[in-house]
Amino acid sequence: MAAINNENDFEKVDLVSQDGAKAEIYLYGGHVASWHPAGETEQLYLSNKTIYKNGTPIRGGIPVCFPQFNNYGTIMKHGFARINPWELMGVKRTDLEARAEFALVDTTETQKIWPFAFSVKLTVTIGGQTLRTELSVTNNDRKPFAFTGALHTYLLVNDISKMTIEGLHKCMYKDSVTGKTDLVQNEEELTIQGEVDRVYINGPREVTIREAGRKLKFKSEGFKDIVVWNPGPEGCKGIKDMEPEDYRRMVCVEAAIVMEPQEVPSGKTWHGMQELTAI
Ligand code: TA6
């Protein structure tokens, strides 16, 4: 069911809906690497310098960060979901949508890092102008657990200096560059000049990414926070799997759980969703 990509030998699913929307999802990381809304061009940034190697996360697309966001916890940065193989559970097509489901469950290796029995389901749905990514986390353990995480979405932009993000006015955020907390965004619209790394705490359910001739609506549910990240020129030079100028053509806007870990009692399931719509 999953086609082999010959360039890098990582298995991926090429999802196509009846109206021509397309997505590519690697089993490695359960990683959405490409999305074209129906009749439109690529909307996700994927680095040309991505290293397709076990143990290294794919740079771009939508890495799934689980069970840890960045260093908010005790295990490796952004958790292990993005560097582990997921299983393809099925692909479905209706008149309106195409959908693929992936699963990641605990192994002896993950148990050594994070001692819990879990199953995570990722559902990727495309159709028309929308890409929906749903994540559900089930606790199969006898004890409760808590996790942080994100759908670390790299959006492709034409020119970062001309892009704005609307919907974050008056929102409270932590500046991860300076470490300052309890800040409030006074600007009506967020523009990116230099390095930006912010966690909007209990962020809005909807923001809009706007460029000349293009608008992308970002919606989320279940994920309490929103992260906005661009490494800026200096930061980008230090990232070995990005071109030095790539900060100009990407911005990460991420449905995330950062500041308050999500608890999942034994036997229960948490659900979260992120939806992008090109307008
Ligand atoms: O989501 C933003 C962030 O946590 C930044 O602090 C930055 O480190 C970025 O993720 C990328 O992390 P990575 O481990 O993929 O290089």
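The values are calculated or read from the model by the stated rules, or taken from the named source; none is laboratory data. Nothing here was measured: the structure is a model prediction, and the numbers come from that model. In this analysis, Cβ positions are derived from the backbone assuming ideal geometry, glycine residues included, and neighbour counts consider all displayed protein chains. Heads up: the accessible areas ignore ligands, DNA and RNA and are worked out on the full protein's heavy atoms, side chains in. Shrake-Rupley method; radii C 1.70, N 1.55, O 1.52, S 1.80 Å.
Kindly report the accessible area of the chain per residue (heavy atoms of protein chains, probe 1.4 Å, no ligands, DNA or RNA), in Å². Could the numbers behind the result be given before it?
Details: 12530 Å² over 279 residues.
So the chain comes to 45 Å² accessible per residue, rounded to a whole number.
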Spelling out what I want: for every residue of the stretch 220-232, take phi, set θ = phi - 60°, compute 6.51 cos²θ - 1.76 cosθ + 1.60 (Karplus), and round to whole Hz; glycine and proline get x. 9, 9, x, 7, 6, 10, 10, 10, 10, 9, 9, x, x
Which residues does a label at Leu183 reach in the stretch 134-171, if reach means a backbone N under 17 Å from a point 7 Å past the Cα toward the Cβ? 165-171
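Any idea what the dipole of the stretch 103-183 comes to, in debye rounded to 20, about its Cα centre with Lys/Arg Cβ at +1 and Asp/Glu Cβ at -1?
Working: 9 positive and 8 negative charges, 31 e Å.
Computed about the Cα centre, the dipole is about 140 debye.
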On a full-extension model of 0.36 nm per residue, what is the gain between Lys170 and Gln111, subtracting their alpha-carbon distance, rounded to one decimal in nm? 17.1 nm
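Please compute the length gained on full extension between Glu206 and Glu7, using 0.36 nm multiplied by the number of residues separating them and subtracting their Cα-Cα distance. Walk me through the numbers on the way to the answer.
Details: separation 199, 0.36 × 199 = 71.64 nm, distance 3.64 nm.
This chain segment gains 68.0 nm when fully extended.
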For the stretch 2-278, what relative contact order do you get, as a whole percent, if you take Cα pairs closer than 8 Å and at least 6 residues apart? 19
Using a basic spin-label model with each label point 7 Å from the Cα along Cα→Cβ, how many nm lie between Val91 and Thr41? 2.6
Dipole of the stretch 2-278 [Lys/Arg +1, Asp/Glu -1 at C-beta], most positive-end residue of Gly20, His152, Pro115: Pro115
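Give me Rg over Rh for the chain, both radii from the alpha carbons and Rh done the Kirkwood way, two decimal places. Write down the numbers at each step before the final one.
On the way: Rg = 17.8 Å, Rh = 18.9 Å.
On the Cα set of the chain, Rg over Rh gives 0.94.
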Modelling each spin label as a point 7 Å along the Cα-to-Cβ direction, I'd like the Glu221/Lys49 distance in nm, to one decimal. 4.0
Using a 1.4 Å probe on the protein heavy atoms, what percent of the accessible area of the stretch 106-161 belongs to carbon and sulfur? 51
Given a Förster distance of 35 angstrom, what is the FRET efficiency for Gln18 paired with Thr74, based on the Cβ-Cβ distance and rounded to 0.05? 0.15
Phi-based couplings in Hz for the stretch 125-130 (Karplus 6.51, -1.76, 1.60; Gly and Pro marked x): 10, 10, x, x, 9, 10
For the stretch 54-67, take each phi angle, set θ = phi - 60°, evaluate the Karplus expression 6.51 cos²θ - 1.76 cosθ + 1.60, and give the result in whole Hz per residue in order, putting x for glycine and proline. 4, x, 10, x, 5, 9, x, x, 10, x, 8, 8, 6, x
Evaluate the charge dipole of the chain about its Cα centre and quote only its size in Debye, nearest 20, assuming +1 on the Cβ of each Lys and Arg and -1 on the Cβ of each Asp and Glu. 400
What part of the accessible area of the stretch 162-279, given as a whole %, is carbon or sulfur when the probe is 1.4 angstrom? 48
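So, R0 is 41 Å and r is the distance between the beta-carbons of Ser266 and Asn158; what FRET efficiency does that work out to, to 0.05?
On the way: r = 48 Å, r/R0 = 1.16.
The computed FRET efficiency comes out at 0.30.
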The stretch 222-279 and the stretch 96-159: distance between their alpha carbon centers, rounded to Å: 13
